[in-house]
Structures are given as C-alpha cells and as structure tokens.
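Read the structure below first, then the notes.
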Amino acid sequence: RHHRESVQLRCFLHSHFQCTVPRSEFHLEGDYLVGGLFDIHEVTAKLHNRPEAINCLSQPFVSSSHRRFQLMRFSVEEINNSTDLLPDVSLGYEIFDYCTDVQNFPSIFKLISVNGLIQAQNEPHNNLSKVVAVVGLYTSTETRTAAPFFMKNLIPMVSYGASSSIFSRKQIFPSFLRTARPNKDIMQVIVNIVLHFKWQWVAFLTSDNDYGNDGLDLFTKMIRKTDICLAYTNSLNHHTDYTQIFKRINAQNISIIIVFALERTAEVLIESAIQLNVTNKVWIAGDAWSLNKKLPKVIGIKSIGTVLGVCEVAMAIPGFSDFIHRSKSHARCESDGQQKFCNQVCNCSSLSPEEIFAADPSFSFSVYSAVYAIAHALHKVLQCGAGRCNRNVTVLPRMVLAELKKSNFTLLNETIHFDENGDPMFGSYSIIYWNDNGDAEVVGISTFQPSFHLLINNSKIQWYSNEDVPTSKCSQECKAGHVKYQGGIHKCCFTCEICPRDTYVNTTEDPYKCNVCKKTEWSAEGSTSCNLRVVEYMPFTSPIAILIMIGAVALEILTLAISVLFSINYNTPIVRSAGGPMCFLILGCLSLSSLSVFFFFGKPTPPFCILRLLPFILFYTVCVACFVVRSFQIVCIFKMAAKFPNLYSWWTKYHGQWLVITGAFVMQAVLLLIGYSQETPKPYDETLWSPDKIILTCDTNLKGTAGSVILLSSLCCLCFIFSYMGKDLPKNYNEAKAITFCLLLLIVTWMVFATAYILYHDMFIQILNSLAVLFSLYYFLMWYFLPKCYIIIFQPQKNTPQYFQGLIQNYTKTISQ
C-alpha cells in the first residue's frame, strides 16, 4: 500500500505540476543541498482556493525579493570557494519562486521528497533527501503555511523575514529559526520613536495578514503603560476603501500614521494618499517597506508629509557586486533537454546589475547570515577541520538543527547566535528619513545588546512644516496644578480640572489624581506640591498673655481684699444689703472662675482643654445664681412684701435663696459631667481658617457644653428680668441697677466674642476668649462690689442703720401715695 501511494505521489509531482523550462539559476548540484524559498513574484489578486498549482511567472515581479534570491546564490558560491568553511565539501541549492501561500505546495513537496517519494515518519532513513535545511520564507503568512511540512521531520527552516511572534513558540515550530528580528523588537523601536517625539494620538494601519495582526497586537500591549493612544486602526487588503480611511483619520485630527504592512500594500496606501491629497502627516514605516525605492520618487510624495522608517542596519556585503556583474556577463539560457520543476525560472535575464542594486536592500544580511549559519552548522556536523571533513557522517536534518541552535560565529563583525526560541541575538535597526532627494537618510540607530537603546538626531529631520517637531494630541496638556479627567476610552482625551486647596498633583506619578497634603502641610488651589504649615499657639511668654494673666492675678487680689474689707464690716448695713454671707460666696466663685484664664495659654493638652472653660462655667453659674436670688430678694423686699406677705414669709422661713443657689450648682455640675463624658474637649489642630498655619487649640464641641451654656444663659436672662424690675428703687440703695448694668455689659461682651469666633479663627481668638472670661468677672467686681467698698471707706455716714431706715421709709411712702 505504501509503495502504491508513493508511486501515486510521484506521478502527482512529475506529471501534474511539472513544466519544461530552460535551465535556470535556481538549482546548483552539491554534496548537500540547501532549499530556498523566495517570493520573486507576488500574487496581488485574490485567488480561488482550488487545489491547483500556479505559475508564478505570470504574477508581478518583486525586485527586492529577486535581489535576496541572488544574494543566496552568492552566499553559497562564496562558501564553496572558502578553504576554511566546509573544505572539500560542495554546497548546492534548490530554490523556488514562492509567490503565494496557498498554491505553491509542489515546491515544498519537491524539497522534502526524493525521486517523488516523501520519507514516512518513523521509517528507517533510506533514500534521504540531500536538503539539509531551508532558507525562507519572507512573509509570516507564507511561512506559517509552509513551516509545518518541515517541522514534521525537524528539517531546519531559517527564515530571513518572517517576524510574527508565533514562530518563537518551539512547541509548534521546533525546527524554526530566523535571522530577522521578531516583531516585538520592531514594535519596541516604533513605540520608542513615538515616545521620543512625545506623540500621543496615532493611527496604526496594517496588512490584513499574520504579520500585520501580530504587529497590531504587540503595539497595543506595549502602549498600555505609556501616554500613547491608538486613535484609529484598520487592516489593509484588496477591498480597502482608502477614501474612508483617510476621512476617519482627518476627522479625528490624527497626524501620526504608523504603517506596518508589506511592501506592495504600503505602495498602494501611499499612492492613494497622494491621489486623495492627504497632507501634513508623519508616516512611520515598518521594516518591510521603509527602504522602498519606488515611492520616494513618486510625484507628490512630498505633499503627504514626513516619512520616517525602521530598517535593518545596512551592511555592505563584499563580493556581491562582483558576483552580480559576473553572473550577468555569463548569462545564458541553455536547454539541456532535462525537465526542470515549475517555479524555478525567473525570465529576468534582461535585468541589468544596476537595476538589481537599485532594488530595496532590506533583509540582505538576514539572507546572508541564514546561509552562513546553515553552513557553519553543517561544518560542525561533518567534523570539518584541517582542510577536510568527515564524509562518513550520515547527515540528518535534526543534527544540523542541533548545531544551528548552538551557532556562535562572527560574520562581517557581527556575532551570529540564537536564543532558546530560535530568535536572533544580533542585529540592530537604523532610523531613516526620506529626504528631499528621495533617499533614505539614516537619522538614528536602535540597538538591543546588551540592553535596548535608541538614539535619534532630530536636527537631520526636516519636517513638513519646516518648523519644530509636529504634535499629535487628542487634548492639550493641562496647566500646572490641574489633573486630567478621562471621559472616554482614550487616556489621551481628557478635560482638565484644578486641584482644590490642600491637595496637589504629581504629574510624573499620577496625572489623574489630586493627592491630599499631609496634616502638617498645605497648598493653594492648583498646586504641584505642598508647603509646611507654621505651627502657632499662644505661649505663656507672649506679652498679651502675660498682661491677661496679670489681670487675672489682680482680680484674685481684689476679691481677697474685698473679702477682708467685708469681713471687717460684716455687720454694717452696706454688707448686709449686698447679700451678707452671700457676698463671700460670690467673691469666692469669681476668684475660682478666674482660674480658667490661665489655661488659654501654652500648648494645648487634654487637661488644659478641660480646664479652659470648666471652672468658669461651673463657678460663674453660682455667681449668676446668687445675683438672681439677690435681684429677686430686692424686688420682694420693696415691691412684693406688702402685697404678698405669705410668699415672703415662706421664702425667709425655708432659706429659699440657698435652695436656688444649690440647685443651680448641682444642675450645672451634672450637665458638665454628662457633656464632658460624651464629648471631652481635646487638643485640635485648626487648619481650615488659616491654610498656611496649624493653630493649636481645643476642640470644644457644642454638644458637650450646650446644656451648661443654656442653663447659664437662662439664669442671666432671669437675673436681668428681676434686676430690671427694680430699676426705680432708691438711688443710694439700688443694687438692681448695678446688676442690670453688669448683665448688659456681659451680654455685649459675649455677643462680640461670638461674632469674632464665627468670622475669625486665628490664634488671637483664644485671646478674645480669655478676655471675655476676665471681663465677665470684672464687671460684677467693679460695678457691684467696688461702689460698696467706696461707701465703706470714703462715705461711712451712709453706712448706718438710721440712713438706710430713712431711705426705706421714704420709698414706702412714695409707693403708698
């Protein structure tokens, strides 16, 4: 059965796909053969997927591929003429014109067969093909189609142009190597060119094939963590509507167009751009067409803008020029009666050497190094040395593959070796610019070993605007202190919002976020950094603090002096009418209330914050309660005693005044205890009112003191009512007027403080608070007690029972009338 199938295959190959052609340059006899696959012709129209061969000679000629084809022939001849590499062994080749990825299978079958028979897998190695390796193919799509036939028996396939990432996967392509750098390296260069010129808003046009799709995937991944945005992308094929593409590009105001496409596709694109009058663009060409010789000479090419490109560093290959001239001078077309295989004819003998040299030289060194890599591997397999090789060695493709993977030799000052994926660890890229003369001028270089590095001489590039580097942005950069707000899918398209006070933006870390300053720092609106706040509080050593504390000490001394004076004159009418023993309670509470003044100064601490108002509120409540009682007693004595004698008797019998004072004290103490247990005053750093300062103060929560303040305010109002009712009492005995005046001053003082507290929260608000406390104490001391002291000391005649009795009798007569 196997024999019958082999015979059928041989008939298939020799009868159906063979044609008689003149002897060509596609075949060279040798001890060992290297296969070659070059797309000397290219199918430009879509073919029907029928299982039939195609005559590539009928398709358009590709001069750059023909140049690479000639370069392989030269490389083999140079190796055969070498006395060091493969001595006494001749290297031949079997080259095919591979113009399509779907209808060139006879060429592949020819390379892997012997006399029309293909060696079955796991069979003894009988009738082995002389083909030990294959050079090719150029495009990724062609390579992906052809490679599986060579992978089966581990026939080394060294590509000089297929750059798709999938070929690095050794589980799928175990015997594949390449001398052209993969797409990831090309994309790295292109992305860094865009970053170098600070372009952000770009379009990416690709061939509709493996090469283009892989490039787009890599580009999309590489720009994720950069400022580059892919504004528009499209795949180019035979049915592309270029008018619509350029309408979209212009509508989105895109100035940078990356074209990662094959040479023929790029030609159609650029020619369409010229016809459609596309102007003022920057074009970045991939390595497949950056050295195109036709486009820079096309009329109108300058109008489309500036063309930059990435290409393999040009390396002059010694002897190639002589080989071409020699080959053309000896050109012949012999017909030796042998039948040659299809697609091994070029019909390009009419090409002059100058036309060959004028073709796109891209991937020349890739072809040259691929042939030499195979030759060096074969040299190792044959154990060559001392001018001879071991011809007894049975050379198997997998043996050549093993040595290929270990390649390490120098070729034109370049060290040739591969990584574990079969990708080259040599080579670099030139950054070129199409100048006004139509030449590809080198303006930069990109290297990969030992690490990636890109260098571009901007001064060599003449931009289409004849000015600075063109810009390409979706949105203009935000002003300093503004953050970007991304509204759509593109991070390059944004609106700018100013950072509020006490925040800043660090554009190098995150331009989309306003960072909050530390508590000890501040910033104005629209800041890029924070400033340290000035820490302020009222120290004890401040002149104002010292004056206020002296006033508090003076109050203590005055209360003590008045207490002594009242003690000495305790049984006199003045002291008795002022309240008698109640006077000493009032003076004592005024003295204790003044302790609060001292806790408004110095660095706030929890105890200081508690004692800042606690003594004042608690003991001042007692003072006010005493004056409420005094005001009530005055009114009762002079106005209510005659009308409500029973009420007055009950009040005097049960000591109503002391019950009221005690009740007020206990109630205030309970309210303070409850309030402070829920909301204890604590140190607080005030930053809202003074943005550049930290004012150390106390956080006195209104919830904690609301009940106490309400009680104290109620007592003040009640006291005011009672004292106002006694405003028409005898002039020399009218204590109610003094109390009323003190309360009016008290109300005005705290209203002024409340207003200042609402409008002004600087450090000096603590000064105002301490003064309000101190003034509240001095009002009663000055307007209630000092007048009585004056009478005691300077008008003793008025401090007699007879004098007071006369005043009362006169006032009683006046009321009865």
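The values are calculated or read from the model by the stated rules, or taken from the named source; none is laboratory data. Small disclaimer: the values here were computed from a predicted structure and weren't measured. Don't worry about glycine lacking a Cβ; one is built from the backbone with ideal geometry, like all the others, and counts go over all protein chains shown. When the accessible area is computed, the model is the full protein with side chains, heavy atoms only, and any ligands, DNA or RNA have been set aside. Shrake-Rupley method; radii C 1.70, N 1.55, O 1.52, S 1.80 Å.
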Within region 157-164, identify whether any single residue is hydroxyl-bearing (Ser, Thr, Tyr) and over 22 Å from ASP101 (Cβ atoms), and answer yes or no. no
Can you tell me how many residues within region 483-508 are under 16 Å from the mean Cα position of the chain (by Cα) and within 21 Å of LEU532 (Cα to Cα)? 4
From the residues in region 650-691 that are within 19 Å of THR621 (Cβ to Cβ) and small (Gly, Ala, Ser), which one is surrounded by the fewest Cβ atoms within 10 Å (Cβ to Cβ)? SER677
For PRO539, are the conditions met, namely being under 25 Å from THR680 (Cβ atoms), under 60 Å from the mean Cα position of the chain (by Cα) and loosely packed, with under 13 Cβ neighbours inside 10 Å? yes
Which condition from (1) at pLDDT 95 or above; (2) in contact with a strand residue (DSSP E or B) (Cβ under 7 Å, 6 or more places away or on another chain); (3) aliphatic (A, V, I, L, M) is the one that LEU401 breaks? (2)
Using beta carbons and a limit of 6 Å, which pairs, at least six apart or on different chains, have the first residue in region 747-771 and within 23 Å of CYS717 (Cα to Cα) and the second one not in a helix (DSSP H, G or I)? SER770/PHE600
Those residues of region 531-584 which are in contact with a Phe, Trp or Tyr (Cβ under 9 Å, 6 or more places away or on another chain) and part of a strand (DSSP E or B) amount to ASN531, LEU532
Candidates GLY487, GLY422, GLY481, filtered to the one that is closer than 30 Å to GLN252 by Cβ and surrounded by 16 or more Cβ atoms within 10 Å (Cβ to Cβ): GLY481
Has region 482-503 got at least one residue that is acidic (Asp, Glu), modelled with pLDDT under 90 and part of a loop (DSSP other than H, G, I, E, B)? yes
I need a count of the residues in region 487-503 that are touching a residue at least 24 places away in the same chain (Cβ under 8 Å) and over 18 Å from TYR232 (Cβ atoms). 6
Can you confirm whether MET399 is at negative phi, surrounded by 13 or more Cβ atoms within 10 Å (Cβ to Cβ) and in contact with a His (Cβ under 8 Å, 6 or more places away or on another chain)? no
Out of (1) open to solvent by less than 30 Å² (accessible area, probe 1.4 Å); (2) free of Cβ contacts under 8 Å to residues at least 40 places away in the same chain, what's the single condition that is false for VAL516? (1)
Which condition number does LYS518 fail, the rest of (1) basic (Lys, Arg); (2) in contact with an Asp or Glu (Cβ under 9 Å, 6 or more places away or on another chain); (3) within 25 Å of PRO604 (Cβ to Cβ) being met? (2)
Which count do you get for residues in region 158-169 that are buried (at least 22 other Cβ atoms within 10 Å of the Cβ) and not aromatic (Phe, Trp, Tyr)? 6
Quick one: would you say ARG144 is surrounded by fewer than 24 Cβ atoms within 10 Å (Cβ to Cβ), touching a Pro at 6+ places or on another chain (Cβ under 8 Å) and in contact (Cβ under 8 Å) with a residue 12 or more places away in the chain? no
With respect to PHE452, is the statement that it is buried (at least 17 other Cβ atoms within 10 Å of the Cβ), assigned by the TED database to the domain that holds ASN292 and more than 22 Å from ALA203 (Cβ to Cβ) true? no
Evaluate region 165-177: report whether one residue or more is of a type in the set (A, V, I, L, M, F, W, C) and more than 26 Å from LEU378 (Cα to Cα). yes
Counting only strands (runs of 3 or more DSSP E) wholly inside region 87-191, the ones holding at least 3 residues that are over 43 Å from the mean Cα position of the chain (by Cα) are 91-97, 131-135
Looking for whichever is within 26 Å of LEU558 (Cβ to Cβ) and out of contact with any helix residue (DSSP H, G or I) (no Cβ under 9 Å at 6 or more places or on another chain) here; the options are PHE794, PHE775, PHE780. Which one fits? PHE794
Just to be sure I understand the filter: pairs with C-beta atoms under 9 Å, separated by 6 or more residues or on different chains, first member in region 368-392 and of a type in the set (Val, Ile, Thr), second member part of a helix (DSSP H, G or I) and open to solvent by 20 Å² or more (accessible area, probe 1.4 Å). Which pairs pass? VAL371/GLU78; VAL381/MET399; VAL381/ALA402; VAL381/GLU403
Picked from region 425-449 (must be part of a loop (DSSP other than H, G, I, E, B) and touching a strand residue (DSSP E or B) at 6+ places or on another chain (Cβ under 6 Å)), the residue least open to solvent (accessible area, probe 1.4 Å) is PHE426
Considering only region 579-588, I want to know if a residue exists there that is at pLDDT below 95 and under 28 Å from ASP699 (Cβ atoms). no
Which one of ILE172, ILE155 is more than 27 Å from ALA231 (Cβ to Cβ), open to solvent by 10 Å² or more (accessible area, probe 1.4 Å) and free of Cβ contacts under 8 Å to residues at least 40 places away in the same chain? ILE172
